[in-house]
Amino acid sequence: MAATRILPTREADDLVRLTRELCQKSLAGRVNEDEQDGRFPRDVFAQLGAAGLLSLPYQEEYGGGDQPAETYLQVFEEIASTWASVAVGISVHALACMPVAMFGTDEQRERLLPWTLSGDTLGAYCLSESHAGSDPAAMRTTARRVDGGYVLSGAKAWTTHGGHADFYIVMARTSDDRTHGISCFFVPADTPGLTAAPPERKMGLTASPTATMHLDDAFVPTEDRIGAEGEGLAIALSALDSGRLGIAAVATGLAQAALDAAVGYAKERETFGRPIIDHQGLAFVLADMAAAVESSRATYLAAARLRDRGLPYSRAASIAKLVATDNAMKVTLDAVQVFGGAGYTKDFPVERYLREAKVMQIFEGTNQIQRLIISRHLAHGDRAQTTTARALAGAPSAPKAR
């Protein structure tokens, strides 16, 4: 059943209703087949882009939807409840647009945002490297100054939309300084020297391509550096705060789908002459699942409202990502249990939901890293952003899929 939503305006309510209709019309009928075949549904992104759903967080003057986080995150959740791979892709696209929108010059915004927010393009975000994981300051990809720009060399791992995106936000090292030696670059997909490795063979989100991107002396003009030299890590961490809210919303939508499937099955399946939902032992499992979904939604919306009011929300974003993705893992696992042996087969979607939930505890910063960020905020208050950046610069490496 559809989640009960409290939205800030009638326009927002209409937007979520439109999203739900589009999901049922264009996504629901093909998700199982495309996931099973590992087929990237680029045409679905074009349909959602035409409806304006790829540009919701950004300024209307550049082609965006000018929607607050409280609204657009619920759109992400609605999409995720039908197709997590697509919702993750939209969240990543929003993440890739953010450096230009937040840190670009007026000229860069006017030149780049109308194209990236048009609904016809798809972005990717290149931060992680295979040896660095959750320690972005350990990156080895370099950006060497030359006449008119930079030459980028290296490899960026775990790139969602790798090989399919129209543009890439690439973090590369411009000096040896660990925290202030990284810069941010806007790299179009047709840049010579930029190539994609074969896609990763993943446990879940199989319709969402993930690949390592190779930069072999790829030239990027100076006007496509975002922010000043050395600001790349700060840009990356700032963008990831919003990205974590996106993943929290996606995880909540996935958990809602698992809950709905489990409730539906429990009403139909009978044992001892009664639907299994009438057995207290299983009914309590479903109640706990519902409580987890509702708490995830409340947590990410609380962080979204802080963001919309211009208040610090980094700690809240990490809490939302941690709570929502851990809850999604628990809810999908319980959904498989509710289905019993049937839940372990591919005849029902709950086994896929479980596989998809796992990676959400990993990307946009592992949940161990979220605990580090939260604890640093508790220890240092307003200085936590700087403290966290320094902590990450010295943190041990761990996988990070983005």
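The values are calculated or read from the model by the stated rules, or taken from the named source; none is laboratory data. It should be emphasised that the depicted structure is a prediction, and the values quoted were computed from it without experimental measurement. Because the Cβ atoms are built from the backbone with ideal geometry, glycine has one as well, and the counts that use them run over all protein chains shown. Protein only, heavy atoms only, side chains kept; ligands, DNA and RNA dropped before computing areas. Shrake-Rupley method; radii C 1.70, N 1.55, O 1.52, S 1.80 Å.
Summary table below
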quantity: Candidate set: the range 138-156, residues that are surrounded by 21 or more Cβ atoms within 10 Å (Cβ to Cβ) and within 22 Å of the chain's Cα centre (by Cα); chosen: the one modelled with the lowest pLDDT; calculated: Met139
quantity: Criterion violated by Asp66 - all others in (1) within 21 Å of the chain's Cα centre (by Cα); (2) surrounded by fewer than 24 Cβ atoms within 10 Å (Cβ to Cβ); (3) in contact (Cβ under 8 Å) with a residue 24 or more places away in the chain satisfied; calculated: (3)
quantity: Criterion violated by Thr345 - all others in (1) farther than 24 Å from Pro136 by Cβ; (2) among the polar types (S, T, N, Q); (3) modelled with pLDDT under 95 satisfied; calculated: (3)
quantity: From Gly243, Gly253, Gly232, residue being within 16 Å of Gly181 (Cα to Cα) and open to solvent by less than 10 Å² (accessible area, probe 1.4 Å); calculated: Gly232
quantity: Failed condition for Asp217, given (1) surrounded by fewer than 16 Cβ atoms within 10 Å (Cβ to Cβ); (2) out of contact with any Pro (no Cβ under 9 Å at 6 or more places or on another chain); calculated: (2)
quantity: Complete set of residues in the range 1-36 that are among the basic types (Lys, Arg), closer than 19 Å to Thr252 by Cβ and part of a helix (DSSP H, G or I); calculated: Arg17, Arg20
quantity: Residue identified as among the polar types (S, T, N, Q), buried (at least 21 other Cβ atoms within 10 Å of the Cβ) and assigned to a loop (DSSP other than H, G, I, E, B) among Ser128, Ser118, Ser183; calculated: Ser128
quantity: From Tyr313, Tyr300, residue being surrounded by 24 or more Cβ atoms within 10 Å (Cβ to Cβ), among the hydroxyl-bearing types (Ser, Thr, Tyr), more than 30 Å from Asp190 (Cα to Cα) and touching a residue at least 40 places away in the same chain (Cβ under 8 Å); calculated: Tyr300
quantity: Enumeration of residues in the range 164-180 that are outside any strand (DSSP E or B) and under 14 Å from His93 (Cα atoms); calculated: His164, Ala165, Asp166
quantity: First in the range 14-43 and modelled with pLDDT of 95 or more, second anywhere and open to solvent by 90 Å² or more (accessible area, probe 1.4 Å), Cβ under 6 Å, 6 or more apart; calculated: none
quantity: The lone exception for Ala236 - which of (1) among the hydrophobic types (A, V, I, L, M, F, W, C); (2) over 17 Å from the mean Cα position of the chain (by Cα); (3) closer than 14 Å to Pro99 by Cα it fails; calculated: (2)
quantity: Residue match in the range 82-94 (condition: assigned to a loop (DSSP other than H, G, I, E, B), of a type in the set (A, V, I, L, M, F, W, C), open to solvent by less than 10 Å² (accessible area, probe 1.4 Å) and within 16 Å of Leu54 (Cβ to Cβ)); calculated: yes
quantity: Residue in the range 37-44 that is under 17 Å from Gly246 (Cα atoms), part of a helix (DSSP H, G or I), within 19 Å of the chain's Cα centre (by Cα) and aliphatic (A, V, I, L, M) present; calculated: no
quantity: Residues located in the range 347-358, provided they are touching a residue at least 12 places away in the same chain (Cβ under 8 Å) and either touching a Gly at 6+ places or on another chain (Cβ under 9 Å) or more than 18 Å from Ser208 (Cβ to Cβ) (or both); calculated: Phe348, Val350, Glu351, Arg352, Tyr353, Leu354, Arg355, Glu356, Ala357, Lys358
quantity: Residue, modelled with the lowest pLDDT, within the range 103-137, restricted to residues that are over 18 Å from the mean Cα position of the chain (by Cα) and hydrophobic (A, V, I, L, M, F, W, C); calculated: Ala132
quantity: Exclusive hit being open to solvent by 10 Å² or more (accessible area, probe 1.4 Å), modelled with pLDDT of 95 or more, touching a His at 6+ places or on another chain (Cβ under 7 Å) and within 27 Å of Val359 (Cβ to Cβ), set Thr212, Thr195, Thr206; calculated: Thr195
